[in-house]
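The values are calculated or read from the model by the stated rules, or taken from the named source; none is laboratory data. Quantities reported herein were computed from a predicted structural model and do not represent experimental measurements. Here the Cβ positions follow ideal geometry from the backbone for every residue, glycine too, while neighbour counts run over all protein chains shown. To get the accessible areas, we keep the full protein, side chains included, count just its heavy atoms, and leave off ligands, DNA and RNA. Shrake-Rupley method; radii C 1.70, N 1.55, O 1.52, S 1.80 Å.
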Amino acid sequence: WQVSVKSGSLSYTLPCNRLPVQLMSQVRVYTSNGQKKDLGSEDTNGSARGETLHKVEAGRQDITNAGQKQSSPKQPIQVKVKAVLKKREYGPKYTQNNFITGVRAINEFCLKSSDLDQLRKIKRRSPHDDTETFTVYLRSDVEAKSLEVWGSPEALARERKRRKEAEIKYRENLFRNQRLLWEYKEFFGNTKPRSSTAAMFFKGPGKVVMVAICINGLNFFFKLLAWVYTGSASMFSEAIHSLADTCNQALLALGISQSARTPDPSHPYGFTNMRYIASLISGVGIFMMGAGLSWYHGIMGLLHPHPVESLLWAYCILAGSLVSEGATLLVAINEIRRSARAKGLSFYQYVVQSRDPSTNVVLLEDAAAVLSVAVAATCMGLTSLTGNPYYDSVGSLGVGTLLGTVSAFLIYTNTEALLGRSIEPEQLQRLTELLESDPVVRAIHDVKATDMGMSKVRFKAEVDFDGRVVTRSYLEKQDIEQLLQEIQQVKTLEELEAFMLKHGENIIDTLGAEVDRLEKDLKQRNPDVRHVDLEIL
């Protein structure tokens with residue numbers, strides 16, 4: 001037999017083993033303010049059901065009392081009290097526990113630094129590498145102070161609008177102010193030491209680019225004179241080639257100077273990609289000016305051939321151009337070898353991966369220049385020997401084809417760099433193994449490492465942290481005896497909530513410190529890694 005017993009919202013099915021049943025079912029809901037409610041208290045119907053149950057059990061005991069003398073003793077069934085913490089509703093927007101910095105409080109809430117002196121100052125873990133802690137303010141305190149200063153939200157909104165208009169006006173006049181400052185420096189003289197941007201052109205890629213600009217500018221001038229004197233199509237192609245090289249290398253110099261600019265709010269990751277942009281435009285310029293005009297002049301020479309004048313001066317200028325272009329080529333080769341050795345790469349890998357786009361452009365342009373000089377001299381020599389001007393036109397087409405190949409390579413490599421390609425698999429594996437070998441990390445997912453250019457890598461990963469290790473790391477820094485005393489003093493739900501909130505926030509801070517430690521280790525062991533984003537699973 002089975003008897004179904006219902007009390008409040010609870011239901012029990014008890015086997016009928018001739019045992020008296022005593023039910024104590026009660027559920028209490030606790031809130032953080034100490035109130036409690038009885039959800040399972042018996043009502044009148046419950047009392048009636050209890051009386052019926054006792055009568056049935058009493059009759060059953062009278063029938064079986066004589067035959068069952070060895071029945072089990074009475075054992076009441078008890079239901080434990082269940083305490084439930086009431087869920088707190090925060091709403092769709094809750095900012096009462098937000099912290100903001102002093103600069104943000106002054107800018108967004110139109111306060112003065114003296115107004116912040118009267119507010120509570122809170123020390124928090126700093127997100128910057130150069131400082132351990134910094135001061136923040138509770139957002140609710142700042143909002144209350146701003147209303148106290150300005151009187152009403154409407155007055156605060158008017159002040160914000162006024163400051164916004166003043167900022168827009170300042171930006172509009174910024175160019176005029178810079179122009180006045182430049183005129184002031186021109187009139188009184190600039191006595192400041194040489195800037196770091198100017199110093200970049202005296203070493204490394206900047207030096208290579210400046211040497212190439214000077215040499216290619218001279219080559220263009222002398223080749224242009226030789227073309228005017230001889231009328232050779234190959235010499236015209238060489239002059240156009242030198243002009244294109246000079247313009248492109250001037251563009252590279254501009255890219256180098258712009259890449260040295262410090263990051264600003266509009267460009268938080270800096271301007272290092274300006275070198276790749278300048279190299280990309282340079283490749284397009286080589287294709288349009290160098291290859292295009294050389295092909296055009298060669299085709300026109302085939303369609304409308306004309307005799308070539310004395311080529312003696314042309315040979316002399318080509319010989320001088322070969323020496324000067326070869327000297328620039330050696331400077332670029334030595335610079336790339338030195339940089340590749342420092343990065344642990346081969347010469348070919350350094351060039352193909354476009355680690356230094358400015359030096360790569362100079363290298364390829366000068367290599368193409370040396371080869372084009374050889375092609376032009378060969379074709380001009382055949383024209384001198386045979387008297388056939390078609391060889392000279394074919395030489396112009398050969399120079400154009402060579403320039404087109406160089407420009408296509410530059411466009412491809414710089415486009416790949418600007419798109420954000422991944423780093424080498426071996427380097428990515430080293431970064432992953434470094435994280436996985438840390439005891440605080442359980443697993444790593446969705447790993448992305450992007451080459452931002454100029455030996456700067458951005459690393460991102462989803463990290464599954466081991467909460468037990470993080471908690472142990474927090475406990476190792478605590479006084480265990482004092483912590484046990486705090487636990488023993490917890491008697492009510494309010495004290496338990498305060499205890500958990502206190503140590504829960506500290507454990508979250510410990511987790512943040514572990515994330516900072518991992519990011520710092522990645523940057524120290526891999527200098528190319530400049531930006532690390534570790535997201536907690």
Q | Relative packing of 93-104, 248-259, 376-387, which averages over residues the other C-beta atoms within 10 Å, highest first | A | 248-259, 376-387, 93-104
Q: With θ set to phi - 60°, apply the Karplus curve 6.51 cos²θ - 1.76 cosθ + 1.60 along segment 136-142 and write out the HN-Hα couplings as whole Hz, x wherever there is a Gly or Pro.
A: 10, 10, 6, 4, 4, 5, 5
Q.
Which order do the peptides 290-297, 132-139 come out in when sorted by mean C-beta neighbours inside 10 angstrom, highest first?
A. 290-297, 132-139
Q: Please give the contour-minus-distance gain from L484 to C214: 0.36 nm per residue of separation, less the Cα-Cα distance, rounded to one decimal in nm.
A: 89.4 nm
**Q.** Per-residue ³J(HN,Hα) for segment 509-515, Karplus 6.51 cos²θ - 1.76 cosθ + 1.60, θ = phi - 60°, Hz, x for Gly and Pro
**A.** 4, 5, 4, x, 5, 5, 4
Q: Subtract the Cα-Cα distance of L180 and T378 from 0.36 nm times their separation in residues, and report this length gain in nm to one decimal.
A: 65.7 nm
(Q) If DNA, RNA and ligands are ignored and the probe is 1.4 Å, what is the ranking of M288, M210, M454 by accessible area, most exposed first? (A) M288, M210, M454
Q. What does the highest-first list of 424-433, 237-246 look like by mean Cβ count within 10 Å?
A. 237-246, 424-433
Q: For V529, enumerate residues with amide H under 5 Å from its amide H, sequence gap 5+ or separate chain, H modeled in the peptide plane.
A: V457
(Q) Through the Karplus equation 6.51 cos²θ - 1.76 cosθ + 1.60, θ set to phi - 60°, convert the phi angles of segment 276-291 into ³J(HN,Hα) values in whole Hz; use x for Gly and Pro. (A) 5, 5, 5, 5, 5, 5, 5, x, 5, x, 4, 5, 6, 7, x, 5
Q. Using the alpha-carbon centroid of each, what span in Å lies between segment 459-478 and segment 352-379?
A. 54
Q) Which entries in K123/K343; K121/K477; K112/K523; K123/K161; K87/K502; K93/K523 show an alpha-carbon gap greater than 30 Å? A) K123/K343; K112/K523; K123/K161; K93/K523
**Q.** Percent carbon-and-sulfur accessible area, segment 200-419, ignoring ligands, DNA and RNA, probe 1.4 Å
**A.** 73
